[in-house]
Each structure stands twice: as structure tokens, then as C-alpha cells.
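A short worksheet on the structure shown next.
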2 protein chains.
Amino acid sequence: MTTAMQLTNVLKTLADPTRQAVFERIIREGEVAATGLVQGSKVSQPAVSQHLRALRDAGLVAERREGRHIHYRVAPKGLSPLIDWLGHYQTFWAERFANLERLLKESE
Amino acid sequence: MTTAMQLTNVLKTLADPTRQAVFERIIREGEVAATGLVQGSKVSQPAVSQHLRALRDAGLVAERREGRHIHYRVAPKGLSPLIDWLGHYQTFWAERFANLERLLKESE
DNA sequence: TAATCGTATAAGCAATTGCTTATACATTAG
DNA sequence: CTAATGTATAAGCAATTGCTTATACGATTA
């Protein structure tokens, strides 16, 4: 069961473009160390670190320490509050996503 | 085609709990005047009005004037940036939503 | 051990946000 | 026309946010 606060938290976390970009890079690169994310980022290392903390607190990424590197990867279940919420109101955007309800029930 | 800015805008708009509550009330009540939304809201009429403006600017609701009332209703396509984005990265949360890709393709 | 590398935290600051009260605008009723 | 109702905008303010620089911590290497 997912609370309203969790949904708000996920939305807030993804609502920042820089943080969203970090999240998408983690998605694409599979598992990546913080250093790798700083490389090619417009912002400083502390900024990236703060974004990673926010993503972790929201349950959107998980980390694995390996020596002095910390590798980040996506935690797909972190998106559950968002998906569940979309599913809950699916009848209202049914014209576009007619089968969402069935889909969500099947995947439980 | 939906831009990154549109996605960020939708996320930001839904990320505020008060505004999200207004949006959900519009969903549930179908079509409702601003007055109705102020009733039972924790915040003032101007606050509600500002949230309605934000929702409209994000493309999440549409309005219909009737006399001095303005009725708001959900604009389901406003959620497209969000749904499209989830669909684009579906392989990464496929364990939970295995059929999302097929679904999204069918619904086009 | 000392130096270095990878990462996180602290402190401070400008920008943004969400609210308030006060006021303006738009439409209808008397 | 005047008053009242529904809604929006203006101005101001406290709280939050995202960034920076500086520093600390943790792990490896020389």
C-alpha cells in the first residue's frame, strides 16, 4: 500500500530537471558510480550527491558500495506510488490508456 | 511529441499536495466550479484560484465559463508527458509492469 | 603513515513557492 | 444603475529549494 505522502515525495523528487536527468542517466547506464554522474553534469559534485540522496530517500535508487566507489542503480519499485496513482484514476484518462486497469491488475 | 519541459512542468504541478488534492477532486466530481473546490478546502479562495491556474497552465485541466461560474474539468491528455515518459523507460520497471510497452503501443 | 581519491555533509545564499490579505474584474440580480 | 456573487490578480512574506564553496569522512595506495 502506498501513501499520499509517498506519491508527493516521488513527484517532488522527479520534478527537478537536474535530478530527473541524474535519474535517467542511472536508468540508461544501468549501474554507475557517483563520479560517473558528476562527469558530464552541469552541476558540482556536492550537487549531484545531494540529488542522489534525494533519489535514495524517495526510494527511486539503491546503492552498492564497492571500495571507495558507490554504485547507484534504479529501484523500479520506487515508481509504484506513481503507477498506482495513475491506475487508480485510470477511468478518467481511459480514452488514451484504455487497458491500464486490466494491465495493473494482471501485474500484481 | 512531448518535451522534457512539459514533463517537468506536469511533475512540478502535481508535486504540491494541496494542488494534487484539487486535481483529484476535479477528477472525482467530474466538472466543478471553483466555488465548489474552495468549499471544504483548507486554503483560501485565492490559493485555490492560483492552483487552478497552475493546473490549467500545465494542461491538466480545462475550463468552461457558465455565467459567473467557471467549471473545471480534467484534461486527460495533460498526463501524456508523464505516461509517455514512463512508457519510454518501461524496460527498467518491467518486472512490475511487464506489459506496459505493448499497452502503450496499442493505445496510440 | 601520509597522500590521494571518491563521496558526503555543513553553511550560506539567491531564487522559487505557496500562502495570506486586499483589491480588481466579470457577470448577474434587484 | 447598484449591489452582490464568483473568480482572478497584486503585493508581500515565510518557508523551501538547489546551488555554491569549504570541509570532513572513508577507503585505497605509495
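The values are calculated or read from the model by the stated rules, or taken from the named source; none is laboratory data. Everything numeric in this text was worked out from a predicted model, so none of it was measured. Note that we place each Cβ from the backbone using ideal geometry, even for glycine, and neighbour counts take in every protein chain shown. These accessible areas exclude ligands, DNA and RNA; they are computed on the full protein's heavy atoms, side chains included. Shrake-Rupley method; radii C 1.70, N 1.55, O 1.52, S 1.80 Å.
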| said: Please list, ordered by chain and number, the residues whose modelled amide H lies under 5 Å from the amide H of A:Val61; skip anything fewer than 5 residues away on the same chain. | reply: A:Arg56, A:Ala75
| request: Shielding by partners for B:12-20, please: the mean number of other protein chain Cβ atoms within 10 Å of each residue's Cβ. | output: 5
| request: Determine the share of region B:1-85's accessible area contributed by carbon and sulfur atoms, expressed in whole percent, with a 1.4 angstrom probe. | output: 51
| query | Between chains B and A, what is the buried accessible area in Å², counting both sides, with a 1.4 Å probe and ligands, DNA and RNA left out, to the nearest 100? | reply | 3500
| field | Orientation-averaged projected area, Cα convex hull of region B:4-76 (nm²) | value | 4.6
| remark: Diffing region A:34-48: the Karplus 3J(HN,Hα) column from phi (6.51, -1.76, 1.60, θ = phi - 60°), in whole Hz with x for Gly and Pro, holds 4, 3, x, 6, 5, 4, x, 8, 7, 10, 6, 4, x, 4, 4
| Within a Cβ distance under 14 Å of A:Thr18, other residues only, what is the Lys/Arg minus Asp/Glu net charge? | +4
| request: Within 10 Å, count the other beta carbons around each residue, average over each peptide in B:12-23, B:62-73, and list them highest first. | output: B:12-23, B:62-73
| request: Tell me which residues come under 5 Å, amide H to amide H, from A:Ala33 once H is placed; ignore anything under 5 positions away on its chain. | output: A:Tyr72
| note | Rounded to the nearest 5, the percent of antiparallel DSSP beta bridges in region B:4-76 equals 100
| query | Which pairs break 23 Å Cα to Cα here: A:Lys42/B:Lys12; A:Lys42/B:Lys77; A:Lys42/A:Lys77; B:Lys42/B:Lys77? | reply | A:Lys42/B:Lys77; A:Lys42/A:Lys77; B:Lys42/B:Lys77
| field | Average beta-carbon neighbours from other chains, 10 Å sphere, peptide B:25-32 | value | 1
| Each residue of region B:62-74 in turn: what ³J(HN,Hα) in whole Hz from Karplus with 6.51, -1.76, 1.60 and θ = phi - 60°, glycine and Pro shown as x? | 10, 10, 9, 7, 9, x, 8, 8, 10, 9, 10, 9, 6
